[in-house]
């Protein structure tokens, strides 16, 4: 196999109709995050765990029925309540490491809501993954967060 690495940075922004504390809680609470931090609805989950603290880990596995299995393994480096989360994570596809990334999530008040800025600096390995697909996927995940926040505010 010919080895390669592609470095890329991307930014995804969203504005949510929820205060920063509510958006932050959606990242900090395992049950809340599990409700939106996953692949497409038709995928099967194979476990999710969150230890949300500096030095804590986050792990997720799942994928379409019959494979391949997508695995996420993150480590938290910086957490400022209601403001910032910094973590490093790696992605695996059927056990093969496909990327390693540094991600920063910033939360800023925006009117009565929150502007979320997600910045990822990634090393995409051996052609298994690429920045366009990752940016699209992260956008989908952040849209899922938006839907979860709407459900939460509707029942509050």
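A few points about this structure:
- Choice from 113, 67, 122 showing the highest fluctuation, given a GNM over the chain with Cα pairs closer than 10 Å: 67
- Listed residues 106, 96, 41, most fluctuating in the chain (Gaussian network, C-alpha, under 10 Å): 41
- Among 118, 52, 128: highest mean-square fluctuation, GNM of the chain, C-alpha pairs under 10 Å: 128
- Per-residue Cβ neighbour counts within 10 Å put 141, 105, 80 in the sequence 80, 141, 105, beginning with the fewest.
- 222 nm mean residue ellipticity, helices alone, for the chain (DSSP H n ≥ 4; -39,500 (n - 2.57); rounded to 500): -8000 deg cm²/dmol
Read-outs throughout are calculated quantities, based only on the coordinates presented, and are distinct from any laboratory measurement. Everything numeric in this text was worked out from a predicted model, so none of it was measured. All Cβ positions, glycine included, derive from the backbone under ideal geometry; neighbour counts span all protein chains shown.
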